[in-house]
Amino acid sequence: MEVTPSSGRTPDPLAQWVEEVRPTRGAPVPKVKAKVKYALPGDVAADIRKAFIGTAYMREKMVLTLTRAAEAYDRHRYEEALRLGRVVADAVPGVAPVRELTGLAAYRADRWSMAKIHLRAHFTITGDPEHLPLVMDCDRANRRYRAVEKTFAELEESEPTAEVLVEGRIVMASAWADQRMYHEAIELLTKAGGTKQLRNPSFRHVRLWYALADVFDRAGDTVSARELFARVVIAEPDAYDAQSRLADLGATAPPKNRKRRTTPVSKKKVD
């Protein structure tokens, strides 16, 4: 090999290695999602604009106020929803959705008298008995039992849906139980189907079972109360306080019955 200029020369000793630390990339900053603007249904906003008497600015302010009330209600801020809803209800008392929202917010906030006023107004405007059981419950909370019976009679005459009628019967039975009229309460709920045994009960049947169990418990019929509370727990384990009430009665719900698989058995001929 040819002699190169570097041949025969000892290389310089290696310098000390220094670890080069490269800057690491931080975690990506999550993008903040833009808050979805809450809006009323178009027909409700149109009804408010049509019913409000005033300037265009105040008209839009009423729509915005009810929008804030609806948003507060959806977020379970019922006192705020009630305060805002009352402002709009005073301005446009003939708009049914305004009275409905204000009444529901008052009911959730335990403002019974105010809830009754607005929910009763909703029924007067629309003729829809959907919220009459809540009106009955407001009178029951104020111990106005005659008013409860009067509204219940009105509910039965207004051709309600099965769910609404069941709710009305439950409130009526509870009002009778408050007055220790247990026989009347049990008879009403029994006629409504409170003792039916169903494999796939609907929500209203579970409600009936629980209400009837409560009346039996208050009447001192522990055996019947246990049976019905057990049905509720089997159908809906997290429904209300059925599990704790069943435990207070010294019982637990039996496990659900599983369907047994049966295979056909051939009949052998006997000689």
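Just so it is clear, none of the values below were taken in a lab; they were calculated from the coordinates. Worth saying up front: this structure is predicted, and the values here are computed from it rather than measured. In this analysis, Cβ positions are derived from the backbone assuming ideal geometry, glycine residues included, and neighbour counts consider all displayed protein chains.
Quick notes
- Neighbours of residue 77 by Cβ distance under 12 Å: Lys/Arg scored +1, Asp/Glu scored -1, total 0.
- Averaged over residues, the count of other Cβ atoms within 10 Å places the peptides 172-185, 151-164, 129-142 in the sequence 129-142, 172-185, 151-164, highest first.
- Residue order, fewest to most surrounding Cβ atoms within 10 angstrom, among 117, 170: 117, 170
- With each label modelled as a point 7 angstrom along the Cα→C-beta vector, the residue 252-residue 150 pair spans 5.1 nm.
- Peptides 55-63, 94-102, 223-231 ordered by average Cβ neighbours within 10 Å, highest first: 94-102, 223-231, 55-63
- For the range 39-127, the square roots a ≥ b ≥ c of the C-alpha gyration tensor eigenvalues yield an a/c of 1.5 or more together with a/b not exceeding b/c, which makes the shape oblate.
- Comparing Cα centroids, the range 91-115 and the range 173-227 end up 30 angstrom apart.
- Computed 3J(HN,Hα) for the range 105-112, one whole-Hz value per residue from the Karplus formula 6.51 cos²θ - 1.76 cosθ + 1.60 where θ = phi - 60°, is 5, 5, 5, 5, 8, 6, 9, 5, glycine and proline marked x.
- Gain on full extension, evaluated as 0.36 nm per residue between residue 76 and residue 126 minus their Cα-Cα distance, stands at 15.4 nm.
- Taking label points 7 Å from Cα along the Cα-to-Cβ direction, residue 113 and residue 218 give a separation of 2.4 nm.
- The string of couplings for the range 114-122 from the Karplus curve (6.51, -1.76, 1.60, θ = phi - 60°) is 5, 4, 4, 4, 6, 6, 5, 5, 4 Hz, one whole number per residue in order, with x for Gly and Pro.
- Within-11-Å neighbourhood charge of residue 91 [Cβ basis; K, R +1; D, E -1]: +2
- Cβ-based net charge around residue 177, under 14 Å, with every Lys or Arg adding one and every Asp or Glu removing one: -3
- Cα→Cβ-extended label distance, 7 Å offset, between residue 179 and residue 158, nm: 2.1 nm
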